[in-house]
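The values are calculated or read from the model by the stated rules, or taken from the named source; none is laboratory data. None of the values given here were measured: they were computed from a predicted structure. Methodologically, a virtual Cβ is constructed for each residue, glycine included, from the backbone with ideal geometry; neighbour enumeration extends over all protein chains shown.
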Amino acid sequence: MKLTAFRVENYRCVLDSGWVDIDDIAVIVGKNESGKTSMLKALWKFNPFKEEPYNLDREWPRGKRKDRSEDKTVVTVRFDFTPAEQKINEEIDGSAKGITGVEIKRNYKGTYTYNFLPKDPDHEHNLKWVISVIEEYFGKAQETASNHFKTQYAKAIEIFIKQVRDNGGSQYAVKEAPAFKGRLSSFISPNEAEHPQDNKVIQHLQLTIDKAISELSIEPPVRRTIDTAHEWLPTFIYMDDYKIFSGSAQLNQVKERKDHNKLTDEDRTIILIMEMAGLNLDDEVKKGNQADREQRILDMNDASQTLTKEIADRWTQKKYEIDFHADGQHFITFVKDADSNVLVPLEERSKGFQWFFSFDMTFMYETKGMFKNAVILLDEPGLHLHASAQRDLLARMKEYAKNNQLIYTTHLPFMIDFTRLDNIYVAEEVETEGTKVHKNWATADKDARFTLQAALGLSWSQSLFVGQYNLIVEGVTDFWFLITLSSMFQEAGQKGIDEQLVITPAGGATKVAYVGTILHGQNLNVAVLLDSDKEGKSAYEQLVHQWILDDKHVLLLGNTLGIKHFCTLEDLFSEDYYLEHVNAAYSLELGDKLLEVRKEKNKPIIDRVEEALKDRGIASFNKGRVAKKIMQDLPKKKLSDMPEETVEKFGKTIVAINKIVEGWKAKQ
């Protein structure tokens, strides 16, 4: 199962976060005390490695005491099933066919509630199947029964089956079948002194009724599907800076605290490290009081090699080895570089190294060495790292996300991947509403905006989304597409958009002229990229004919690509590629029949898609839904994977943009 969205409610400062979508990675940006940690803690407790119950007394929002209830939902999550999982569900019961995902809620009591998407499997066994089981096992008496018995039994079973039909199927049948079985002897004729054949028939029917009860007692389809889905739930792994491992301890003192249920965080990390290395705390305490030091050294060496081997491939920056030493009750963990013989206690390694080591240990332990199918929750990772190390950490986190999903919080500019702006959320506390999580950067508080501004490489002394060289585009999707394709060109060894250029989404063609006028008035270098549609051409007229910008600095897509008819940035993608993602975005509404558009070259693809959707009874077209699907796909692609037409059109656009920047630089 893959997590697609989550929502937190009624937890500390979070009254209702709103829905947060996630693909492989999501980042929540916000200042301290904005509710970021509460979001992750609530989500972690949804399904942690070791059960960590919600605490109504300590975690219920303050000032809302009258509403407090264990039945209140804390977290709601949505998952998509993989094709293989969908097939397994179908095999459970035919009513599960077509189920693509599930929405699960968990409340303060710890109870899970499942709603399958787009519909639940049957909550009751199929009635035809229930009747067929009854008829197969005890639908009629054996031929050896007397005529009187057969007549009475036929009347009784007919009434019983009717009652089953009228009263809910298998549950009623299972409940009432024992009573029916108890009445069998009443079907014998009172006028017959001897009826051995009927007694044998009764014994046979009692056995077959018991078999029928056993078969009808099988969990209904929805329950079996729920049980199966629950087994597939990913483990949620939480990590913050306070969980950095301690590598040394007095083992007898740790055991004493363990025996009295007073373990500290440092104690737990020591025990975890020992378990990972195959060491047992109780055994090592005993050995610490024994005189056989040689065997102790051999045990420590064996444990050191065991853990080193387990984690050898996890630290790609530099290979290292674990070395355990024990002297009596004193236990210490050394970590040495593979190319050096110098032993350094774990606590004396860099904060960055300690963080990586601690997370790797936790990750390996809580996924049972599998390193996959987990939801990783990192609270403010990289706080103690310098800027370049934070970038390294970001790259490392992308590796973690390849076989898992990753949600992290930050207020650090270098911990934001600006090529994945579709996955960036802002957390802020709204008066009377608690913590809200959203994507509306423009309304975010100044601390969150500052983080985003710095992440985009802007001067810290300047206003949001402003640089020395500026390109204004109509919308955020235009920004995503240009930035991402530019990165793909660079990764392919080709020229991307000039890195000194700041691209600013204006929020629509009508606002482009407004933003351009303001920036131009500040004596900044400003260019504009517009769709060649009615609104784009109107903005062009306003900017050029009113002498706000030189026409060389206002790019109409049609002119740039040599296209005479209307076109938008979506037309830079090949038609087949764009339609593929339209069908993915609207798969629920379209069903099995893919959308087809008219082959009208004088109309932008988005207009033709909108018309085709209306023909299929879908009233409105949200191109943002399609853009999100494309943005989920592009990071998985290389430039060579993209259609030739797409590469050519984006290439021409990048060349035109860079030509403007080169002109500005030449004048300086």
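The single condition among (1) farther than 30 Å from Phe187 by Cβ; (2) not in a strand (DSSP E or B) that Gln206 does not meet is (1). When the stretch 315-372 is filtered for residues that are part of a strand (DSSP E or B), at pLDDT below 80 and closer than 27 Å to Gln250 by Cβ, only Tyr320 remains. Based on what the data block shows, is Ser95 in contact with an Asp or Glu (Cβ under 8 Å, 6 or more places away or on another chain) and touching a residue at least 60 places away in the same chain (Cβ under 8 Å)? When the stated conditions are applied, Ser95 passes them. Checking each residue in the stretch 340-358 for being under 14 Å from Thr308 (Cβ atoms) and either surrounded by fewer than 19 Cβ atoms within 10 Å (Cβ to Cβ) or outside the structural domain of Ser304 (by TED's automatic domain parsing) (or both) picks out only Leu343.
Listed here are the residues, each with its yes/no results for (1) surrounded by fewer than 18 Cβ atoms within 10 Å (Cβ to Cβ); (2) in contact with a strand residue (DSSP E or B) (Cβ under 9 Å, 6 or more places away or on another chain).
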site	(1), (2)
Gln152	no, no
Glu158	yes, no
Ala173	no, no
Pro178	yes, no
Leu233	no, yes
Phe236	no, yes
